[in-house]
1. Using the crude model of +1 on Lys and Arg Cβ and -1 on Asp and Glu Cβ, and no other charge, please compute the dipole size for the chain relative to its Cα centre, in debye to 20.
2. What percent does the relative contact order of the chain come to when contacts are Cα pairs within less than 8 Å and at least six residues apart?
3. So how many Å³ per residue does the convex hull of the Cα atoms of segment 161-234 work out to?
4. Of the listed peptides 24-37, 92-105, 143-156, 2-15, what is their order by residue-averaged count of other C-beta atoms within 10 Å, with the highest listed first?
5. Taking a ≥ b ≥ c as the square roots of the Cα gyration tensor eigenvalues, with a/c under 1.5 meaning rounded and otherwise prolate when a/b beats b/c, else oblate, which class fits segment 105-187?
6. Peptides 236-244, 130-138, 251-259: what's the order by average Cβ count within 10 Å, highest mean first?
7. The list (1) 33, 59, 8, 0; (2) 27, 54, 18, 1, 0; (3) 30, 52, 17, 1 gives values of P(r) over Cα pairs in 20 Å bins from 0, in percent, and only one came from this structure; which label was calculated from it?
8. Taking H placed 1.01 Å from N in the peptide plane, check which residues at least 5 places from LEU191 or on another chain put their amide H under 5 Å from its amide H.
Amino acid sequence: MTAPPVRIATRASRLALWQAEHVAGLLSAAEPGRQVELVEVATTGDTSLNEPLAAFGGVGVFTREVQRAVLEGRADLAVHSLKDLPTEEVAGLSLAAVPPRGPRFDVLVLPAGSPPPAGLDVIPHGARIGTGSIRRQAQLRALRPDLALADVRGNVETRLRKLDEGEYDALVLAEAGLRRLGLASRISLMLEPPLMFPAVGQGALGLECRADDRATGALLATISDPSTHLAVLAERALLAALRGGCHAPIGVDAWFDGARIVLAAVVLSADGARRVEVRCDGAATDPVALGRETARRLLDRGAANLLDPDQAQEPAPEV
């Protein structure tokens with residue numbers, strides 16, 4: 001008997017479709033001959049481009065409809081950029097797999113044709129930098145309080161067009177998105193720690209399926225990367241313990257040192273004037289405990305005073 005097609009729910013932007021097609025390729029390689037179909041879903045965040053994200057639901061506006069397609073049986077799994085997926089679990093769904101991670105850092109992008117800068121310090125005084133991420137804004141303000149930071153919405157191509165048309169002097173984007181779209185040539189300057197810490201889950205994809213769908217869960221397990229999965233579990237446990245959400249000025253970097261995971265994390269005030277940073281390591285066998293311990297140390301150093309619950313809105317993803 002022929003197995004039914006595997007249906008992947010995804011947003012319809014070019015980058016989201018790249019991610020879904022990438023997962024489809026991994027599944028086809030894991031089970032040759034198995035058909036894979038994409039189910040495109042329009043989310044609230046995609047259809048309300050002229051309104052503040054907080055005005056129509058805040059956290060989850062780019063993921064809820066995709067998750068609903070899986071829960072209602074219109075799709076078997078959902079593909080998310082993990083940095084945009086809230087840490088609060090949705091009843092009936094399971095984060096079943098995390099494929100190998102892509103580049104996880106941020107980059108500065110200048111208008112087309114601009115020579116690459118030697119560093120962030122040579123960007124002109126008062127330059128207009130486009131980014132809707134409070135995390136990025138706080139770290140930029142800490143480094144260069146003179147910069148004029150402005151929100152930016154739309155997919156990667158739309159943001160680049162606005163940059164090249166002169167609405168901004170530079171953008172801060174995720175390296176992974178640019179490389180996945182074949183736009184690596186637009187990268188002007190890498191922004192790596194300690195200059196800028198990336199978001200929780202940045203560069204990683206999260207694959208959700210119904211918790212009771214054992215067949216899909218087993219198939220997804222064959223394309224999951226254990227190291228990536230363990231690292232993002234630690235990062236997401238930290239974020240959940242801080243109750244910051246993906247909107248918060250929280251940056252994190254995780255890597256392996258032998259059989260242990262090292263987790264470096266930073267929490268800033270929205271204006272970048274105050275900063276708490278810690279580094280912890282723990283056994284890779286218990287990444288959740290490591291994430292929670294790192295969060296505890298941040299809170300012990302006053303991180304709770306830097307997290308503003310009134311700014312609980314989701315940054316617009318670059319997909």
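The values are calculated or read from the model by the stated rules, or taken from the named source; none is laboratory data. Fair warning: this is a prediction, and the values are worked out from it, not measured in the lab. Positions of Cβ are backbone-derived with ideal geometry, glycine not excepted, and every protein chain shown enters the neighbour counts. Accessible surface areas use protein heavy atoms only, side chains included; no ligands, DNA or RNA. Shrake-Rupley method; radii C 1.70, N 1.55, O 1.52, S 1.80 Å.
1. 260
2. Values: 677 pairs, mean separation 72.6, N = 319.
About 23 percent, as a whole number.
3. Values: hull volume 10.8 nm³, N = 74.
Hull volume normalised by residue count: 146 Å³.
4. Order by mean packing, descending: 92-105, 2-15, 143-156, 24-37.
5. Here segment 105-187 falls in the rounded category.
6. Most protected by this proxy first, the peptides run 130-138, 236-244, 251-259.
7. Answer label, from the structure shown: (1).
8. Those qualifying (amide H under 5 Å, at least 5 residues apart or on another chain) are ASP106, VAL107, LEU108.
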